Amino acid sequence: MNINQVKNKKGFTLIELLIVIAIIGILAAIAIPTYLSYVNRAKDSEASTNLGAIFTDETAFTATNSMYIGAGDASNGVAPGAANGTLPLAGTVSATHPFYATPPAYGIDTGPFTCSTTTPGAPITTFAAPGTPGALSATGGTTTVTSGVAGTPTAGPVTATGGFADIGFLPKGTLEFYYQVEASSAAYEVAPTVGVIKTYTTPSTSANDGTCGAGYVALAGTNFTGSNLQIYAIDDYTSTEVLAAGTSY
């Protein structure tokens, strides 16, 4: 290679480099928001899937026991039957989590079941907060399961504490949403509506486990971006979730 050949070799000019950088920036500005939107929509789909499963499980339970039951926020790690723990808050990013804390502990009750609310209230035809539920009793006793190992059963009749475990809702893996079922003394004849529902704006202190009634509202709440507190809801009338608070992705 002679000196003339070396002189004739050219690299990129500064203008060409700036143009390439600008093109990459434009493509990134388009692609990154689209990707994030796709990821958020995928996270949202969890609520639809699990609320549908809760509806199926509650329907199966009432077919056998003639009542629906409440269930607390299992994934906050509280003991079976205890008051609910910390829930998603406005302005705070909610963490991903397993359904139960580690080691998981929950109660499984054995029927037949009885409910202290023997006379249901009038059906709810304009969506409102759940009516006061009754107390659930398990004639066959209860068993606490810790890390997959069942303890010594407690003979019945006892106050039931199982909640989600009693209807068979025990999702696996890491979750984005927190779930809660509020039993109601009256059945619903209308779907949930936006804005007219208990929200996770402040932590609940109710012990939903061990409650029962003629109807229920199931909630799925999350704030995985920190700026969009979402509440999806179903009730005993419909398995189609309603976005009761926040914005969908």
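Each reported figure results from applying straightforward, stated rules to the coordinates on display, with no laboratory input. These figures come from a predicted structure and were not determined experimentally. Neighbour counts are summed over all protein chains in view; Cβ atoms, including those assigned to glycine, are modelled from backbone coordinates with ideal geometry.
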For this session: Take the alpha-carbon centre of segment 12-42, take the same for segment 158-177, and report the distance between them in whole Å.
Result: 44
Exercise. Any idea how far apart residue 225 and residue 48 come out in nm if each label point goes 7 Å out from Cα toward Cβ?
Worked result: 1.7
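By average Cβ neighbour count within 10 Å, what is the ranking of 168-179, 214-225, 14-25, 121-132 from highest down? Numbers along the way, then the final one.
Values: 168-179: 17.9, 214-225: 25.1, 14-25: 10.0, 121-132: 15.5.
Descending packing order for the listed peptides: 214-225, 168-179, 121-132, 14-25.
State whether segment 12-245 is rounded, prolate or oblate according to the following rule on the C-alpha gyration tensor (a ≥ b ≥ c being the square roots of its eigenvalues): a/c under 1.5 gives rounded; otherwise a/b larger than b/c gives prolate, and the remaining case gives oblate. Display every interim value, and only then the final one.
Numbers: a/c = 3.08, a/b = 1.97, b/c = 1.56.
Since a/c reaches 1.5 and a/b is larger than b/c, the shape of segment 12-245 is classed as prolate.
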Problem set entry | Extension gain (nm, one decimal) between residue 152 and residue 238, 0.36 nm per residue minus Cα-Cα | 27.2 nm
Exercise. Rounded to the nearest 20 Debye, what is the dipole magnitude of segment 12-245 about its Cα centre when Lys and Arg each give +1 and Asp and Glu each give -1 at the C-beta?
Worked result: 260
Exercise. Where in segment 228-249 is the amide nitrogen less than 19 Å from a point lying 7 Å along the Cα-to-Cβ axis of residue 93?
Worked result: 228-230, 247, 249
Seminar exercise, completed: In nm, the gap between the two label points placed 7 Å beyond Cα toward Cβ at residue 15 and residue 191 is 5.9
For this session: Counting only C-alpha contacts under 8 Å and six or more residues apart, can you give the relative contact order of segment 12-245 as a whole percent?
Result: 28
Problem set entry | Farthest toward positive dipole pole in segment 12-245 [+1 Lys/Arg, -1 Asp/Glu at C-beta], among 177, 233, 70 | 177
For this session: With a 10 Å radius around each residue's Cβ, average the other Cβ atoms per peptide and rank 59-65, 135-141, 147-153, highest first.
Result: 135-141, 59-65, 147-153
